[in-house]
Amino acid sequence: MRQLSDDTLVVVLSDSHIGGDERRDIFESPDDLRALFDELAGLPVPVELVLGGDFFDFLRIADVPEHENRASATIARAEYRELFGALRDFARGQSRRVFYLPGNHDAEAWWNDEIRAELCRQGLVHEFTLSYAAAFRSEPDRIIYCEHGNQFDPANAKRDYADPLDTPLGDHVVTDITPRLASTEAVGGLHLRDVDRIFPLTTIPDWASGRLFYEIAVQTVRWLLVPLLIAYVAYEVIAWALGAEGALDLPGFGVRRILWFEVGVDVAFLILISGLFLLAVRRTVTGAGPLVHMHLAGSDRETVDATVKEIRDRLERGDPPPLGRDLRGDICVFVSGHTHAPSLTEFNSGSGPSGAVINSGCWLRQLQPIAAHLGAPPVYVGRFVQTHVRLSRSSEGIEVELWEHPRPSPQRLRAVERLAIAGRLPREQGVDRSPRVRARTTVRSRG
């Protein structure tokens, strides 16, 4: 339990997933995260920085050079040197503390002594702990608590963080299945390495069927409709040239027009049947969602909402958190990550004051679905989700803030996909990129 002075700022960030083998590193925001560390280093108050799990992504690193470990190999990469330099500068400042909480993707930071020693030697981390608990001096019985959150996800829960052989199903998906997808070239418009970016995860079948739908639509236009249109225009030009003196009624031209009409009807019928077939395939493939949910649970909206409800119910009952079973006191703010879905929810503990359940989100680019017109498959567009949590003490109570760092994401969409979501694609160019508060609440003091 940390006892904090009332002017202390607690900052929680998680799920940056820094590191990975070639084509497997999904972290794209070193400059933005470095700017956050620089800002925190310049604040005139004590700051406790909690790296709330999956800060690194050791599961995506298969091999490391001799005499290196997964942490040192990642820190040494050229694109990350300024980022870790900023974290190092923050950590060496007065009244600055960095706490490292393991998640399911960086559990090795808990059981691998070499990695822990490396992070300490590099001056990046002060303490390693499974969970973080703190209270402000003026209200010592009201606890701010943080753990990664994977213990609420059966597919990624750990029984013993100290056991390297404790590898839940989610670990094997990351280490054994996604590497094969990442090394696969595009198939039918599917860039399989993008599977890591699909959000929610349970929409992967919908994403796959939708990409195939639009790929077939593109190929149909390119190789069937366009050549047919060119041929018909050429025919009309020739007919016009030969019929300059009324020869449009020459024998055979009327028959040919009827033939063109028949061809057009047949093509339209073929397109209609193909569309219905693709929609049926999409419905069937989407039916695989429950199977995907069973194996990749943790990031779909229903699971996210259920996790928030489970945490809220646990706190309202006064039950201890999974990794803080010996904790005694009133947890008024529960911070977790893992789901990559930033959120802030209030709760009431009986007749007592309110509390808050907050998810720190992530620092990743996600592919999120946008509903298409006319019932067509949704189109997945890239969005950067870069969020963190700030907790501080005020005269009214504990201020809970969810911050976001906006960043535009380049879109690689086909013309047919842009047409399918016309008017629904959010505008990102020209948007203010200044960090801002996304959600806020105050957990009132008892008095």
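The table that follows gives values for the structure above.
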read-out: Yes/no for E428 being in contact with a helix residue (DSSP H, G or I) (Cβ under 7 Å, 6 or more places away or on another chain), among the acidic types (D, E) and either modelled with pLDDT under 90 or not in a strand (DSSP E or B) (or both); value: no
read-out: A86 being under 22 Å from L364 (Cα atoms), among the small types (G, A, S) and in contact with a helix residue (DSSP H, G or I) (Cβ under 8 Å, 6 or more places away or on another chain); value: yes
read-out: Filtered residues of segment 336-353 (kept if out of contact with any Phe, Trp or Tyr (no Cβ under 7 Å at 6 or more places or on another chain) and surrounded by 15 or more Cβ atoms within 10 Å (Cβ to Cβ)); value: S336, G337, H338, T339, A341, P342, S343, L344, T345, F347, S349, P353
read-out: Matching residues in segment 402-447 - criterion: being of a type outside the set (S, T, N, Q), within 24 Å of S360 (Cβ to Cβ) and over 20 Å from the mean Cα position of the chain (by Cα); value: V431, D432, R440, V443, R444
read-out: From R407, R433, R325, residue being in contact with a Pro (Cβ under 6 Å, 6 or more places away or on another chain) and in a loop (DSSP other than H, G, I, E, B); value: R433
read-out: Only one of E28, E82, E66, E22 that is touching a residue at least 12 places away in the same chain (Cβ under 8 Å), surrounded by fewer than 21 Cβ atoms within 10 Å (Cβ to Cβ) and out of contact with any Phe, Trp or Tyr (no Cβ under 9 Å at 6 or more places or on another chain); value: E82
read-out: Members of segment 2-19 found to be surrounded by 15 or more Cβ atoms within 10 Å (Cβ to Cβ) and more than 20 Å from H148 (Cα to Cα), listed by number; value: L4, T8
read-out: R193 vs. criteria out of contact with any Gly (no Cβ under 9 Å at 6 or more places or on another chain) and modelled with pLDDT of 75 or more; value: no
read-out: Yes/no for R34 being within 23 Å of W110 (Cα to Cα), assigned by TED's automatic domain parsing to the domain that holds V357, free of Cβ contacts under 8 Å to residues at least 60 places away in the same chain and of a type in the set (D, E, K, R); value: no
read-out: Qualifying residue in segment 367-375 (condition: more than 21 Å from V333 (Cβ to Cβ), part of a strand (DSSP E or B) and either small (G, A, S) or without any contact (Cβ under 8 Å) to a residue 60 or more places away in the chain (or both)); value: yes
read-out: All positions within segment 23-58 that are among the charged types (D, E, K, R) and within 26 Å of N150 (Cβ to Cβ); value: R23, R24, D25, E28, D32, E48, D54, D57
read-out: Filtered residues of segment 112-129 (kept if among the hydrophobic types (A, V, I, L, M, F, W, C) and assigned to a strand (DSSP E or B)); value: F128
read-out: Matching residues, segment 113-127, being surrounded by 17 or more Cβ atoms within 10 Å (Cβ to Cβ), touching a residue at least 24 places away in the same chain (Cβ under 8 Å) and either farther than 21 Å from R34 by Cα or under 27 Å from the mean Cα position of the chain (by Cα) (or both); value: I115, L119, L124, V125
read-out: Those residues of segment 376-396 which are free of Cβ contacts under 8 Å to residues at least 60 places away in the same chain and among the small types (G, A, S), in sequence order; value: S394, S395
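A quick yes/no check of all residues on (1) under 26 Å from the mean Cα position of the chain (by Cα); (2) among the basic types (K, R); (3) more than 18 Å from A133 (Cα to Cα); (4) modelled with pLDDT under 95:
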position	(1), (2), (3), (4)
V304	yes, no, yes, yes
V308	yes, no, yes, yes
R312	yes, yes, no, yes
R317	no, yes, yes, yes
G324	no, no, no, yes
G329	no, no, no, yes
H340	yes, no, yes, yes
A356	yes, no, no, yes
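The values are calculated or read from the model by the stated rules, or taken from the named source; none is laboratory data. This one's a predicted model, so the numbers in the text were calculated from it and none came from an experiment. For neighbour counting, all protein chains shown are included, and Cβ atoms are generated from backbone atoms with ideal geometry for every residue, glycine included.
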